[in-house]
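S.K.: Have a look at this one before I ask anything.
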Amino acid sequence: MTNTESLPQPKRGRKGGTDTGPRNVELDRQNPDLLVPPETDHGTVPNLKFSMSWAATRLEEGGWTREVTQRELPVATELAGVDMKLNPGAYRELHWHKQSEWAYVLEGSCRIGAVDQEGRNFLDDVQQGDLWFFPRGVPHHIQALDDGVEFLLVFDDGMFSENSTFMISDYFAHTPRSVIAKNFGWSAEQLDALPDKEKYIFPGQVPPPLDSDHVLSPTGDVPRTFKHSLHAQEPEHFDGGTAKVADSRNFAASDTISAALVEMEPGALRELHWHPTDDEWQYWIRGKGRMGVFASSGLNRTFDYQAGDVGYVPFAYGHYIENTGDEPLVFLEMFRNPRFEDISLSQWMANTPPQVAADTLNLPRSTVEAIPKGKPRIMR
Ligand code: MN
Ligand code: MN
(Lines give C-alpha, C1' and ligand atoms only; values in the text may rest on other atoms or scores of the structure.)
(Ligands and ions follow the chains in the order given, each with its own letter.)
Protein backbone atom coordinates (compact mmCIF):
# COMPACT_ATOMS: atom_id res chain seq x y z
CA MET A 1 0.00 0.00 0.00
CA THR A 2 1.00 3.62 -0.53
CA ASN A 3 2.35 5.49 2.44
CA THR A 4 -0.66 7.71 3.15
CA GLU A 5 1.39 10.05 5.36
CA SER A 6 3.24 11.56 2.38
CA LEU A 7 0.05 12.18 0.42
CA PRO A 8 -2.19 15.23 0.71
CA GLN A 9 -5.29 14.21 2.67
CA PRO A 10 -8.79 15.67 2.88
CA LYS A 11 -8.25 16.60 6.49
CA ARG A 12 -8.25 19.86 8.44
CA GLY A 13 -7.86 19.62 12.21
CA ARG A 14 -10.54 17.28 13.54
CA LYS A 15 -12.55 17.42 10.33
CA GLY A 16 -12.19 15.05 7.38
CA GLY A 17 -10.12 11.88 7.22
CA THR A 18 -7.64 10.07 5.06
CA ASP A 19 -8.40 9.06 1.48
CA THR A 20 -7.14 5.53 0.96
CA GLY A 21 -9.45 4.72 -1.91
CA PRO A 22 -9.09 5.39 -5.65
CA ARG A 23 -7.76 8.86 -6.21
CA ASN A 24 -5.83 11.00 -8.66
CA VAL A 25 -3.03 12.29 -6.47
CA GLU A 26 -1.57 14.56 -9.15
CA LEU A 27 -4.87 16.42 -9.45
CA ASP A 28 -5.22 16.55 -5.66
CA ARG A 29 -1.77 18.14 -5.44
CA GLN A 30 -2.69 20.68 -8.12
CA ASN A 31 -5.95 21.57 -6.36
CA PRO A 32 -5.13 21.79 -2.64
CA ASP A 33 -8.02 24.22 -2.02
CA LEU A 34 -10.52 21.73 -3.45
CA LEU A 35 -9.14 18.86 -1.37
CA VAL A 36 -8.92 20.93 1.81
CA PRO A 37 -10.98 24.10 1.30
CA PRO A 38 -10.31 27.10 3.54
CA GLU A 39 -12.69 27.11 6.50
CA THR A 40 -14.43 30.14 5.02
CA ASP A 41 -15.52 28.22 1.91
CA HIS A 42 -19.19 27.30 2.00
CA GLY A 43 -21.96 25.91 -0.18
CA THR A 44 -22.19 25.23 -3.88
CA VAL A 45 -20.52 27.56 -6.36
CA PRO A 46 -20.36 26.47 -10.01
CA ASN A 47 -17.07 25.12 -11.36
CA LEU A 48 -14.81 28.04 -12.36
CA LYS A 49 -11.81 26.18 -13.77
CA PHE A 50 -11.03 24.20 -16.88
CA SER A 51 -7.51 23.44 -18.06
CA MET A 52 -6.60 23.62 -21.74
CA SER A 53 -4.93 20.26 -21.00
CA TRP A 54 -8.41 18.75 -20.52
CA ALA A 55 -9.55 19.98 -23.93
CA ALA A 56 -9.36 17.78 -27.03
CA THR A 57 -6.50 18.89 -29.28
CA ARG A 58 -7.10 19.08 -33.02
CA LEU A 59 -3.91 18.06 -34.83
CA GLU A 60 -3.39 19.40 -38.34
CA GLU A 61 -0.54 19.40 -40.81
CA GLY A 62 0.98 22.76 -39.85
CA GLY A 63 -0.05 23.01 -36.22
CA TRP A 64 -2.63 22.25 -33.56
CA THR A 65 -5.44 23.88 -31.64
CA ARG A 66 -7.65 23.35 -28.60
CA GLU A 67 -10.43 25.38 -27.06
CA VAL A 68 -12.27 26.01 -23.82
CA THR A 69 -15.81 27.21 -24.48
CA GLN A 70 -19.17 27.08 -22.73
CA ARG A 71 -19.33 23.40 -23.66
CA GLU A 72 -16.25 22.67 -21.53
CA LEU A 73 -16.94 25.24 -18.80
CA PRO A 74 -20.74 25.77 -18.69
CA VAL A 75 -20.62 28.94 -16.56
CA ALA A 76 -18.52 30.70 -19.23
CA THR A 77 -21.31 32.18 -21.34
CA GLU A 78 -19.70 35.51 -22.30
CA LEU A 79 -16.27 34.57 -23.66
CA ALA A 80 -14.55 31.50 -25.13
CA GLY A 81 -10.86 30.87 -25.72
CA VAL A 82 -8.65 29.00 -28.17
CA ASP A 83 -4.99 28.02 -27.81
CA MET A 84 -3.35 27.61 -31.24
CA LYS A 85 0.09 26.72 -32.55
CA LEU A 86 1.29 27.29 -36.11
CA ASN A 87 4.61 25.82 -37.25
CA PRO A 88 7.03 28.12 -39.16
CA GLY A 89 5.29 29.41 -42.31
CA ALA A 90 2.03 27.59 -41.56
CA TYR A 91 -1.33 29.27 -42.16
CA ARG A 92 -4.57 29.63 -40.28
CA GLU A 93 -6.51 29.99 -43.49
CA LEU A 94 -8.52 32.98 -44.77
CA HIS A 95 -11.78 32.98 -42.79
CA TRP A 96 -14.34 35.00 -40.84
CA HIS A 97 -16.80 34.42 -38.03
CA LYS A 98 -19.82 35.87 -36.24
CA GLN A 99 -17.78 36.82 -33.16
CA SER A 100 -15.06 39.41 -32.71
CA GLU A 101 -11.60 37.95 -32.15
CA TRP A 102 -9.11 39.23 -29.59
CA ALA A 103 -5.66 37.61 -29.43
CA TYR A 104 -2.53 37.53 -27.29
CA VAL A 105 0.73 36.14 -28.72
CA LEU A 106 2.12 33.63 -26.21
CA GLU A 107 5.32 32.70 -28.08
CA GLY A 108 6.99 33.37 -31.43
CA SER A 109 5.65 35.71 -34.08
CA CYS A 110 3.20 35.78 -36.96
CA ARG A 111 1.84 37.95 -39.76
CA ILE A 112 -1.84 38.88 -39.57
CA GLY A 113 -3.97 40.35 -42.33
CA ALA A 114 -7.57 41.54 -42.76
CA VAL A 115 -9.74 43.49 -45.21
CA ASP A 116 -12.77 45.47 -44.02
CA GLN A 117 -16.15 46.20 -45.65
CA GLU A 118 -14.71 49.12 -47.64
CA GLY A 119 -11.74 47.16 -48.97
CA ARG A 120 -9.37 48.94 -46.59
CA ASN A 121 -6.65 46.52 -45.60
CA PHE A 122 -4.45 45.67 -42.68
CA LEU A 123 -1.22 43.66 -42.62
CA ASP A 124 1.23 43.61 -39.76
CA ASP A 125 3.59 41.38 -37.79
CA VAL A 126 3.02 40.61 -34.12
CA GLN A 127 5.37 39.09 -31.59
CA GLN A 128 5.22 37.62 -28.10
CA GLY A 129 3.16 39.87 -25.84
CA ASP A 130 1.32 41.70 -28.66
CA LEU A 131 -2.44 41.77 -29.18
CA TRP A 132 -4.73 41.86 -32.17
CA PHE A 133 -8.46 42.40 -32.62
CA PHE A 134 -10.60 41.53 -35.61
CA PRO A 135 -14.20 42.83 -35.55
CA ARG A 136 -16.94 40.28 -36.13
CA GLY A 137 -17.54 39.41 -39.76
CA VAL A 138 -14.25 40.92 -40.97
CA PRO A 139 -12.23 38.31 -42.95
CA HIS A 140 -8.65 37.66 -41.89
CA HIS A 141 -5.75 35.20 -41.89
CA ILE A 142 -2.73 34.36 -39.78
CA GLN A 143 0.66 33.05 -40.91
CA ALA A 144 3.54 32.02 -38.64
CA LEU A 145 6.97 33.61 -39.17
CA ASP A 146 10.41 31.93 -38.75
CA ASP A 147 10.04 30.42 -35.28
CA GLY A 148 6.39 29.50 -35.48
CA VAL A 149 3.80 30.99 -33.17
CA GLU A 150 1.49 30.09 -30.30
CA PHE A 151 -1.35 32.44 -29.45
CA LEU A 152 -4.49 32.68 -27.35
CA LEU A 153 -7.69 33.71 -29.13
CA VAL A 154 -10.64 35.05 -27.15
CA PHE A 155 -14.13 35.40 -28.66
CA ASP A 156 -17.04 37.46 -27.30
CA ASP A 157 -19.45 34.52 -27.14
CA GLY A 158 -19.15 31.47 -24.89
CA MET A 159 -20.61 29.23 -27.60
CA PHE A 160 -17.95 30.11 -30.19
CA SER A 161 -16.11 27.18 -31.74
CA GLU A 162 -13.02 27.12 -33.95
CA ASN A 163 -14.72 24.24 -35.74
CA SER A 164 -17.51 26.41 -37.15
CA THR A 165 -15.78 29.41 -38.73
CA PHE A 166 -16.46 30.47 -42.33
CA MET A 167 -13.48 29.33 -44.39
CA ILE A 168 -12.65 30.45 -47.92
CA SER A 169 -11.69 26.93 -49.07
CA ASP A 170 -14.94 25.51 -47.70
CA TYR A 171 -16.91 28.27 -49.46
CA PHE A 172 -15.22 27.52 -52.79
CA ALA A 173 -15.71 23.76 -52.33
CA HIS A 174 -19.45 24.19 -51.80
CA THR A 175 -20.24 26.72 -54.53
CA PRO A 176 -21.05 25.50 -58.08
CA ARG A 177 -17.99 25.80 -60.31
CA SER A 178 -20.08 27.69 -62.88
CA VAL A 179 -20.90 30.34 -60.28
CA ILE A 180 -17.24 30.69 -59.24
CA ALA A 181 -16.19 30.94 -62.91
CA LYS A 182 -18.73 33.71 -63.51
CA ASN A 183 -17.89 35.54 -60.25
CA PHE A 184 -14.19 35.82 -61.07
CA GLY A 185 -14.30 35.58 -64.87
CA TRP A 186 -12.21 32.40 -64.73
CA SER A 187 -12.02 29.55 -67.22
CA ALA A 188 -12.81 25.94 -66.29
CA GLU A 189 -9.07 25.02 -66.24
CA GLN A 190 -8.40 27.73 -63.66
CA LEU A 191 -10.76 25.92 -61.28
CA ASP A 192 -9.17 22.46 -61.61
CA ALA A 193 -7.00 22.51 -58.49
CA LEU A 194 -9.48 24.10 -56.08
CA PRO A 195 -9.58 22.23 -52.75
CA ASP A 196 -12.61 19.99 -52.25
CA LYS A 197 -12.87 20.72 -48.53
CA GLU A 198 -11.67 23.17 -45.88
CA LYS A 199 -7.92 23.52 -45.28
CA TYR A 200 -8.14 25.28 -41.87
CA ILE A 201 -4.47 24.96 -40.75
CA PHE A 202 -1.92 23.99 -43.38
CA PRO A 203 1.83 24.33 -44.11
CA GLY A 204 3.31 27.24 -46.05
CA GLN A 205 6.53 29.13 -46.71
CA VAL A 206 7.62 31.88 -44.30
CA PRO A 207 6.42 35.09 -46.03
CA PRO A 208 8.76 37.83 -47.36
CA PRO A 209 9.52 41.00 -45.32
CA LEU A 210 6.39 42.93 -44.37
CA ASP A 211 6.95 45.87 -46.75
CA SER A 212 7.15 43.67 -49.83
CA ASP A 213 4.07 41.66 -48.78
CA HIS A 214 1.76 44.67 -48.43
CA VAL A 215 -0.98 45.17 -51.03
CA LEU A 216 -1.82 48.80 -51.78
CA SER A 217 -5.60 49.12 -51.48
CA PRO A 218 -7.28 51.93 -53.45
CA THR A 219 -9.36 52.68 -50.33
CA GLY A 220 -6.31 52.72 -48.06
CA ASP A 221 -5.57 51.11 -44.71
CA VAL A 222 -8.11 50.30 -42.01
CA PRO A 223 -8.74 53.48 -39.97
CA ARG A 224 -7.92 51.87 -36.63
CA THR A 225 -5.06 49.38 -36.49
CA PHE A 226 -6.00 45.85 -35.49
CA LYS A 227 -2.67 45.47 -33.65
CA HIS A 228 -1.69 46.65 -30.17
CA SER A 229 1.93 46.29 -28.97
CA LEU A 230 1.12 45.31 -25.42
CA HIS A 231 4.69 44.04 -24.98
CA ALA A 232 5.93 47.64 -25.42
CA GLN A 233 3.26 49.20 -23.20
CA GLU A 234 4.55 50.62 -19.91
CA PRO A 235 2.92 48.68 -17.03
CA GLU A 236 1.26 50.28 -14.01
CA HIS A 237 3.36 49.48 -10.95
CA PHE A 238 1.90 48.37 -7.65
CA ASP A 239 3.42 47.11 -4.42
CA GLY A 240 3.87 43.44 -5.34
CA GLY A 241 3.20 43.47 -9.05
CA THR A 242 2.27 45.19 -12.28
CA ALA A 243 -0.71 45.40 -14.62
CA LYS A 244 -1.12 46.38 -18.24
CA VAL A 245 -4.67 47.30 -19.18
CA ALA A 246 -5.62 47.18 -22.86
CA ASP A 247 -9.09 48.37 -23.77
CA SER A 248 -10.82 50.77 -26.16
CA ARG A 249 -9.08 53.72 -24.44
CA ASN A 250 -5.61 52.72 -25.70
CA PHE A 251 -6.56 50.07 -28.31
CA ALA A 252 -9.43 51.74 -30.16
CA ALA A 253 -10.22 48.81 -32.46
CA SER A 254 -10.95 46.52 -29.51
CA ASP A 255 -14.47 47.75 -28.94
CA THR A 256 -16.04 44.61 -27.47
CA ILE A 257 -13.22 43.08 -25.40
CA SER A 258 -10.97 44.53 -22.72
CA ALA A 259 -8.12 42.92 -20.83
CA ALA A 260 -5.54 43.29 -18.10
CA LEU A 261 -2.25 41.41 -18.10
CA VAL A 262 -1.33 40.99 -14.44
CA GLU A 263 2.05 39.97 -12.99
CA MET A 264 2.41 39.27 -9.31
CA GLU A 265 5.39 38.43 -7.09
CA PRO A 266 5.34 35.29 -4.91
CA GLY A 267 2.97 35.88 -2.01
CA ALA A 268 1.36 38.96 -3.58
CA LEU A 269 -2.39 39.48 -3.54
CA ARG A 270 -4.66 40.86 -6.25
CA GLU A 271 -6.96 42.77 -3.93
CA LEU A 272 -10.53 41.86 -2.97
CA HIS A 273 -12.61 43.32 -5.79
CA TRP A 274 -15.35 42.71 -8.33
CA HIS A 275 -16.33 44.02 -11.74
CA PRO A 276 -19.36 46.25 -12.24
CA THR A 277 -19.87 45.32 -15.89
CA ASP A 278 -19.37 41.69 -16.88
CA ASP A 279 -18.09 38.20 -16.20
CA GLU A 280 -14.31 37.77 -16.08
CA TRP A 281 -12.56 35.18 -18.27
CA GLN A 282 -9.00 34.34 -17.25
CA TYR A 283 -6.07 32.64 -18.90
CA TRP A 284 -3.21 31.60 -16.65
CA ILE A 285 0.14 32.02 -18.41
CA ARG A 286 2.81 31.38 -15.77
CA GLY A 287 3.15 30.43 -12.12
CA LYS A 288 0.56 29.23 -9.62
CA GLY A 289 -2.15 30.90 -7.64
CA ARG A 290 -5.46 30.53 -5.93
CA MET A 291 -8.66 32.48 -6.31
CA GLY A 292 -11.40 32.75 -3.72
CA VAL A 293 -14.82 33.69 -5.09
CA PHE A 294 -17.71 35.13 -3.05
CA ALA A 295 -21.12 34.48 -4.59
CA SER A 296 -23.36 36.18 -1.94
CA SER A 297 -25.76 34.25 0.36
CA GLY A 298 -22.86 32.76 2.33
CA LEU A 299 -21.42 31.04 -0.75
CA ASN A 300 -17.68 30.99 -1.28
CA ARG A 301 -15.32 28.64 -3.07
CA THR A 302 -11.58 28.57 -3.68
CA PHE A 303 -9.86 27.29 -6.81
CA ASP A 304 -6.19 26.73 -7.64
CA TYR A 305 -4.77 27.58 -11.05
CA GLN A 306 -1.58 27.13 -13.01
CA ALA A 307 -0.26 27.75 -16.53
CA GLY A 308 -2.75 26.69 -19.21
CA ASP A 309 -5.83 26.97 -17.01
CA VAL A 310 -8.92 28.95 -17.85
CA GLY A 311 -10.63 30.63 -14.89
CA TYR A 312 -13.99 32.36 -14.76
CA VAL A 313 -15.75 34.76 -12.40
CA PRO A 314 -19.46 35.46 -12.89
CA PHE A 315 -20.53 39.13 -12.98
CA ALA A 316 -20.36 40.94 -9.61
CA TYR A 317 -18.87 38.03 -7.64
CA GLY A 318 -16.24 39.25 -5.19
CA HIS A 319 -12.80 37.70 -5.65
CA TYR A 320 -9.10 37.85 -4.84
CA ILE A 321 -6.09 36.12 -6.40
CA GLU A 322 -3.03 35.13 -4.41
CA ASN A 323 0.31 33.99 -5.82
CA THR A 324 0.83 30.68 -3.99
CA GLY A 325 3.94 29.64 -5.92
CA ASP A 326 7.60 30.59 -5.69
CA GLU A 327 7.85 32.31 -9.07
CA PRO A 328 6.06 35.27 -10.67
CA LEU A 329 2.41 34.68 -11.50
CA VAL A 330 1.19 35.95 -14.87
CA PHE A 331 -2.42 35.83 -16.03
CA LEU A 332 -4.93 37.65 -18.22
CA GLU A 333 -8.24 39.07 -16.99
CA MET A 334 -10.67 39.52 -19.91
CA PHE A 335 -14.09 41.15 -20.22
CA ARG A 336 -16.77 41.40 -22.86
CA ASN A 337 -16.80 45.17 -22.51
CA PRO A 338 -15.02 48.03 -24.30
CA ARG A 339 -13.59 49.17 -20.96
CA PHE A 340 -11.77 47.45 -18.14
CA GLU A 341 -13.54 48.34 -14.88
CA ASP A 342 -13.11 47.04 -11.35
CA ILE A 343 -14.41 48.01 -7.93
CA SER A 344 -11.98 47.90 -5.04
CA LEU A 345 -13.39 46.78 -1.68
CA SER A 346 -10.86 48.92 0.18
CA GLN A 347 -11.41 52.00 -1.99
CA TRP A 348 -15.15 51.73 -1.38
CA MET A 349 -14.66 51.48 2.38
CA ALA A 350 -12.09 54.31 2.49
CA ASN A 351 -14.41 56.70 0.70
CA THR A 352 -17.51 55.99 2.81
CA PRO A 353 -18.07 57.85 6.13
CA PRO A 354 -15.77 55.83 8.45
CA GLN A 355 -18.35 55.30 11.18
CA VAL A 356 -20.49 53.28 8.75
CA ALA A 357 -17.86 50.58 8.15
CA ALA A 358 -16.74 50.79 11.79
CA ASP A 359 -20.27 50.04 13.02
CA THR A 360 -20.85 47.33 10.38
CA LEU A 361 -17.62 45.37 10.80
CA ASN A 362 -17.04 46.05 14.53
CA LEU A 363 -13.78 47.83 13.72
CA PRO A 364 -12.24 50.78 15.54
CA ARG A 365 -13.02 53.96 13.62
CA SER A 366 -9.27 54.73 13.47
CA THR A 367 -8.65 51.44 11.64
CA VAL A 368 -11.20 52.34 8.98
CA GLU A 369 -9.83 55.88 8.70
CA ALA A 370 -6.35 54.48 7.98
CA ILE A 371 -7.46 52.61 4.83
CA PRO A 372 -5.78 54.26 1.80
CA LYS A 373 -8.30 56.05 -0.42
CA GLY A 374 -6.78 54.86 -3.69
CA LYS A 375 -7.09 51.52 -5.44
CA PRO A 376 -4.25 49.22 -4.33
CA ARG A 377 -4.94 46.61 -7.10
CA ILE A 378 -1.99 44.42 -5.97
CA MET A 379 -0.32 44.22 -2.56
CA ARG A 380 2.29 42.16 -0.75
MN1 MN B 1 -10.44 34.13 -36.69
MN1 MN C 1 -11.13 40.40 -11.30
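The values are calculated or read from the model by the stated rules, or taken from the named source; none is laboratory data. Computed from a predicted structure; not experimentally measured. Heads up, the Cβs are rebuilt from the backbone with ideal geometry, glycines too, and the neighbour counts pull from every protein chain shown. Each accessible area value is taken on the protein alone, full model and side chains, heavy atoms only, with ligands, DNA and RNA left out. Shrake-Rupley method; radii C 1.70, N 1.55, O 1.52, S 1.80 Å.
S.K.: Express the accessible area of region 233-379 per residue in Å², computed with a 1.4 Å probe while the remaining protein chains stay in the model. The partial results should precede the final answer.
M.R.: Values: 6110 Å² over 147 residues.
Accessible surface, normalised per residue, equals 42 Å².
S.K.: While we're here: Run the numbers for GLU26 and ALA307: contour at 0.36 nm per residue of separation, minus the present Cα-Cα distance, in nm.
M.R.: Working it through step by step, the gained length comes to 99.6 nm.
S.K.: Using the per-residue mean of other Cβ atoms lying within 10 Å as a proxy for protection, in what order, highest first, do the peptides 221-231, 40-50, 6-16 fall?
M.R.: Result, highest mean first: 221-231, 40-50, 6-16.
S.K.: Any idea of the accessible area per residue across region 1-51, 1.4 Å probe, to the nearest Å²?
M.R.: Computed with neighbouring chains in place, this is 71 Å² per residue.
S.K.: Sorted by accessible area (1.4 Å probe), largest first, how do GLU189, GLU162 line up?
M.R.: GLU189, GLU162
S.K.: With θ set to phi - 60° and the Karplus curve 6.51 cos²θ - 1.76 cosθ + 1.60, what are the ³J(HN,Hα) couplings of region 370-380 in order, to the nearest whole Hz, using x for Gly and Pro?
M.R.: Going residue by residue, I get 7, 5, x, 7, x, 10, x, 6, 9, 9, 7 Hz, with x marking Gly and Pro.
S.K.: From largest accessible area down, sort HIS95, HIS174; use a 1.4 Å probe on the protein chains.
M.R.: HIS174, HIS95
S.K.: With every protein chain left in place and a probe of 1.4 Å, what is the accessible surface of LEU272, to the nearest 10 Å²?
M.R.: Result for LEU272: roughly 90 Å² accessible.
S.K.: Quick one: which residues, 5 or more positions from SER100 or on another chain, have an amide H under 5 Å from its amide H? H modelled 1.01 Å from N in the peptide plane, none for Pro or chain starts.
M.R.: ARG136, ASP156
S.K.: Under the definition of Cα pairs under 8 Å and six or more residues apart, what whole-number percent is the relative contact order of region 233-339?
M.R.: So the answer I get is 37 percent.
S.K.: Here is a further query. If packing is taken as the average number of other Cβ atoms within 10 Å across a peptide's residues, how do 333-340, 114-121 rank, most packed first?
M.R.: Numbers: 333-340: 20.8, 114-121: 15.6.
Result, highest mean first: 333-340, 114-121.
S.K.: Hey, if we sort HIS97, HIS237, HIS214 by accessible area with the 1.4 Å probe, largest down, what's the order?
M.R.: Order by accessible area, largest first: HIS237, HIS214, HIS97.
S.K.: Okay, moving on. In the chain, what percent of the accessible surface is made up of carbon and sulfur (1.4 Å probe, ligands and nucleic acids excluded)?
M.R.: With neighbouring chains kept in place, the figure for the chain is 53 percent.
S.K.: Once phi is turned into θ = phi - 60°, what whole-Hz ³J(HN,Hα) does the Karplus curve with 6.51, -1.76 and 1.60 give for every residue of region 221-236, x standing for Gly and Pro?
M.R.: Ordered by residue, 3J(HN,Hα) equals 8, 4, x, 10, 4, 8, 10, 9, 7, 4, 5, 8, 6, 5, x, 7 Hz.
S.K.: Let me ask something else. Report, in deg cm²/dmol and to the nearest 500, the calculated mean residue ellipticity at 222 nm for the chain, where each DSSP H run with n ≥ 4 adds -39500 (n - 2.57) and the sum is divided by the residue count. Walk me through the numbers before you get to the answer.
M.R.: Working: 8 runs with 47 residues, N = 380.
Mean residue ellipticity, 222 nm, calculated: -2500 deg cm²/dmol.
S.K.: Further question: Pairs to check: LYS244/LYS373; LYS98/LYS197; LYS85/LYS199; LYS98/LYS288; LYS11/LYS288. Give those whose C-alpha atoms are more than 27 Å from each other in this structure.
M.R.: Exceeds cut-off: LYS98/LYS288.
S.K.: Taking the full set of protein chains and a 1.4 angstrom probe, give the accessible area of TYR91 in square angstrom, rounded to the nearest 10.
M.R.: 70 Å²
S.K.: Sequence gap at least 6, Cα distance under 8 Å: using those rules, report the relative contact order of region 101-196 to the nearest whole percent.
M.R.: Computed over region 101-196, the figure is 29 percent.
S.K.: Note down the relative contact order for the chain as a percent, whole number, built from C-alpha pairs under 8 angstrom at least six residues apart.
M.R.: That works out to 17 percent.
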